[in-house]
Amino acid sequence: MNTAIELQTMSETTMLERISRLEEELKEIRPRVPDNKVSIILLSGDFDKAMAAFMMANGAAAMGMEVSMFFTFWGCSVIKKGRKLKGKKFTHKLINLMLPGSAKDLAPSKMSFGGVGRKFFNYMMQGEMSSLEEQIEIAKEMEITFQICAPSLGLMGFDSDEWVVPVDVCGVAAMYDTALNARTAYFIS
């Protein structure tokens, strides 16, 4: 109430000076206020962790938030088209043989039971939630930004055309630029 009385008794000049000071303060504060964005960094190539990452990403996008997903190391397998060995050097072929070829090949982090665990989870999810592959398609349709770690590409021998989604190949600096300007950032390992 006192503020309303003070504003009524202020001169126009004092009011304009006060507004000017407030605008200057806002200019200083604005760069430190996060945008309406979510950043998800996925290191894991586990089925359940990939499901969580895509469910969070799609949920945020459905709420109108701008979403970026950064895939590094084992997380890259989540959005691969499949296992590509042709034209790769021997060590890259070995890595690609050891990693899941695509989202369909991911095992859960717990209760894998030699591959039976994933089939069990897929069975349980029927009619209850979208499959991981469907979640990836939804994310693509919702125009989520997909970033792939450039050093991981080089180390693991992935090519720029191995992805089921459009990707931006970038380094850690670009990932940090995105994450530090987001309202929320998740690291899933």
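Applying the criterion of being more than 15 Å from Gln135 (Cβ to Cβ) and of a type in the set (A, V, I, L, M) to the residues of the stretch 39-50, the residue that is surrounded by the most Cβ atoms within 10 Å (Cβ to Cβ) is Ile41. Quick check: anything in the stretch 51-69 buried (at least 18 other Cβ atoms within 10 Å of the Cβ) and more than 23 Å from Ala174 (Cβ to Cβ)? Yes - at least one qualifying residue is present in the stretch 51-69.
When the stretch 37-92 is filtered for residues that are under 15 Å from Phe158 (Cβ atoms) and of a type in the set (Ser, Thr, Tyr), the ones remaining, listed by number, are Thr72, Ser77, Thr91. Exactly one residue out of Ser112, Ser130, Ser160 is under 22 Å from the mean Cα position of the chain (by Cα), more than 23 Å from Met65 (Cβ to Cβ) and among the polar types (S, T, N, Q), and it is Ser160. Of the helices (runs of 4 or more DSSP H) lying entirely inside the stretch 87-189, those containing at least 3 residues that are touching a residue at least 12 places away in the same chain (Cβ under 8 Å) and out of contact with any His (no Cβ under 9 Å at 6 or more places or on another chain) span 90-98, 132-141, 150-156, 172-180. Please find, within the stretch 14-38, the residue that is farthest from Glu133 (Cα to Cα) out of those that are assigned to a helix (DSSP H, G or I) and modelled with pLDDT under 85. Taking the candidates together, the pick is Thr14.
The values are calculated or read from the model by the stated rules, or taken from the named source; none is laboratory data. Quick caveat: nothing in here was measured; it's all calculated off a predicted structure. Because the Cβ atoms are built from the backbone with ideal geometry, glycine has one as well, and the counts that use them run over all protein chains shown.
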